[in-house]
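**Q** Provided herewith is a single structure, encoded as structure tokens, for subsequent inquiry.
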Amino acid sequence: MSDDNSEITGSDEVDGTSGFSTDFESADLGDDESNQGLFDDLLSGEPIFENKEVLRPSYTPHELPHRSDQINKMATILVAALRGETPSNILIYGKTGTGKTASAKFVSKELESTSQKYSVPCDVEYINCEVTDTQYRVLAQLANKFIEKNEARIDDRVATLESLLDDIDEYDADAARRSADATAPGEGADDRTASDPFDFVSSADAKPDADGSSGDETGAQSGGSAVETGGSPDGSTGASDSSSSPSETGRGDAGGTGHDEATTDSSAFPPNHPLESTAFETRAEVEDRIAELEDDKESFEEVPMTGWPTDRVYSVFFDAVDYDERVVVIMLDEIDKLVEKSGDDTLYNLSRMNSELENSRVSIIGISNDLKFTDFLDPRVKSSLGEEEIVFPPYDANQLRDILKHRSEVAFKGNALSEDVIPLCAAFAAQEHGDARRALDLLRTAGELAERSQAETIVEEHVRQAQDKIELDRVVEVVRTLPTQSKLVLFAIILLEKNGVHSINTGEVFNIYKRLCEEIDADVLTQRRVTDLISELDMLGIVNAVVVSKGRYGRTKEISLSVPLEETEAVLLSDSRLSDIDDVQPFVQARFEN
């Protein structure tokens, strides 16, 4: 399968959702200055963006430059699903921003659309394991999604069968009307021909069928009901419903007879009877099937997000998946987070369930930033899960430039970018292991900064400002999520720097850290443990800690802050436990500098 090279315009839907249009120029805002509101001045400028959503990580583009090899490899593996076979499991590796998730979503969207085109039942479900990171949550979310799909399919089938009952009623009424007209007193064959040019044969002079019954004998047949046609999963006599299983012969998980059930002999029915070429023989069978489907729907029980035993959740998930004949592809993004948090039990159950399924087949796509996470898996899980592996290499600066150029054509209005903006964004992102997500964030943030300043064009300065802002946002997020003990150590370093101390040593940090712990009634860690916390802050890039030798006095760490002081302090003080110690002025012992 090749990339879809179709172009998207600003008015196209974005990732399956459409926005709303606004026309501020034609709005009558009035001439009175008193009517000017807070946003009027901001709206008066010309917008730079045409469609900002295409620059967000959640957007799945219609074309993925420089990923055709990986996309085609995925397609050649997953095409087995369109043949009704079980595709091999796939593990996708690559660093952040290398197009793994976008490519997998693109291929899965193509797979689902093609399966509908050829009426092959195939479902793809996406789980982000960084958010849904336990076995219970993964199984519960999957179970509820398939229950929802099953309910929707049951509704479609019931609607089709009810429509078939209406067709039977209409056919019977027409037959009764024709029979009444044919047997009305005083009317002959010529009168019947004149009143209805197509009613040449009455029930009295119709040719008998092979079994001796009249061809228009509907009294016994009208009670018959329709089943799915040979090609329709819902029993309809029209086009097949791609959302249904190929053979509506009973519950898929309760002994359905499969694809090969013969349809009713059409000679048993009058010409054009609604039950012709269906698997039902009587109307009662249709009604029984409707009742059975409605009972199935009532039997589904949604899984709560907590409270059930895990084996019960798995059982509900298993039954929901196996209700219909279909191929299921489960996409687990950040799969290493799931293994890290919950072990490999989930992957073991998912990779082994095909041996127990009767109607459906399951394939797994795992996406990971960690090339070595499989080292921690059970050998049995590793062998079944990693049947196929695809590696996504980092983008280089030229490839990032192509990606940004492709997205910018849709994201911005004409002539909104100066010539040096895209190369600079690509260069910044290439320095960080070719992260396309970072490049797109840079370009979007630069556009937002330009729009806020009511500039008509995005220039190099906006990109540099965006780089600083993104870096600060990263630091803020890292600091905000630190454990309380790490925040106390960092706060001690900030207080020392605010008091003019440079080249801070570990002992000074520990002394002030102890005072801060007393202020908020927190446990005091040992100095060795505080030294470890300083090393962790150094690894995160928040502080710079260098080991220096003091000669006969031994070695120590000289510590300095690597992030903006005021912004970092503000983040720390937003923690409710630390908010009451902002006025603490630590005693700093005088020292002689060498």
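**Q** Amide H of residue 504: which non-local residues (sequence gap of 5 or more, or other chain) have their own amide H closer than 5 Å, using H built in the peptide plane?
**A** For residue 504, whose amide H was placed from the backbone, the distant partners under 5 Å are 559.
**Q** In nm, to one decimal, how far is the residue 370 label point from the residue 357 one, both placed 7 Å along Cα→Cβ?
**A** For the pair residue 370/residue 357, the computed spacing is 2.7 nm.
**Q** How far, in nm, would the chain grow between residue 514 and residue 548 when pulled straight, counting 0.36 nm per residue and subtracting the alpha carbon separation?
**A** Computed gain between residue 514 and residue 548 is 9.9 nm.
**Q** Where in the range 483-509 is the amide nitrogen less than 13 Å from a point lying 7 Å along the Cα-to-Cβ axis of residue 532?
**A** Within reach of a label on residue 532: 486.
**Q** Express in nm, to one decimal, how much length is gained between residue 555 and residue 80 on full extension, taking 0.36 nm for each residue of separation and deducting their alpha carbon distance. Don't jump to the answer; show the numbers that get you there.
**A** Numbers: separation 475, 0.36 × 475 = 171.00 nm, distance 6.32 nm.
Using 0.36 nm per residue and subtracting the Cα-Cα distance, I get 164.7 nm.
**Q** Could you check the spin-label model distance between residue 396 and residue 523? Points 7 Å from the Cα along Cα→Cβ, value in nm.
**A** 5.2 nm
**Q** Using the crude model of +1 on Lys and Arg Cβ and -1 on Asp and Glu Cβ, and no other charge, please compute the dipole size for the range 271-398 relative to its Cα centre, in debye to 20.
**A** The dipole of the range 271-398 has a size of about 500 debye.
**Q** Taking the Cβ-Cβ separation of residue 480 and residue 459 as r and a Förster radius of 25 Å, what is the calculated FRET efficiency to the nearest 0.05?
**A** On the way: r = 32 Å, r/R0 = 1.26.
Step by step, r from the Cβ atoms, then E = 0.20.
**Q** Describe numerically, in nm with one decimal, the distance between label points set 7 Å from Cα along Cα→Cβ at residue 131 and at residue 562.
**A** Between residue 131 and residue 562, the simple spin-label model gives 3.1 nm.
**Q** Then there is this: Tell me which of 551, 524, 562 sits at the most positive position along the dipole axis of the range 482-574, charges placed on C-beta atoms (Lys, Arg +1; Asp, Glu -1).
**A** Of the candidates, 551 comes out farthest on the positive side.
**Q** May I pose another question? Do the alpha carbons of any pairs in 487/514; 73/405; 145/297; 109/337 sit beyond 18 Å of each other, and which pairs?
**A** Going by Cα-Cα distance, 73/405; 109/337 fall outside the 18 Å limit.
**Q** Quick one: which of 467-477, 134-144 comes out on top by average Cβ neighbours within 10 Å, and what's the full order, highest first?
**A** Going by the mean number of other Cβ atoms within 10 Å, highest first, we get 134-144, 467-477.
**Q** Treating only the Cβ atoms of Lys and Arg (+1) and Asp and Glu (-1) as charged, compute the dipole magnitude of the range 482-574 about its Cα centre; round to the nearest 20 debye.
**A** Values: 10 positive and 13 negative charges, 112 e Å.
With Lys and Arg at +1 and Asp and Glu at -1, about 540 debye.
**Q** Here's something else I'd like to know. Return the carbon/sulfur percentage of the accessible area of the range 482-574, one whole number, probe 1.4 Å, all protein chains in place.
**A** Of all accessible area on the range 482-574, carbon and sulfur atoms account for 46 percent.
The values are calculated or read from the model by the stated rules, or taken from the named source; none is laboratory data. What you are looking at is a predicted structure, and each value in this text was computed from that prediction instead of being measured. Here the Cβ is made from the backbone with ideal geometry for all residues, glycine too, and neighbour counts use every protein chain on show. Keep in mind that these areas ignore ligands, DNA and RNA; they rest on the heavy atoms of the full protein, side chains included. Shrake-Rupley method; radii C 1.70, N 1.55, O 1.52, S 1.80 Å.
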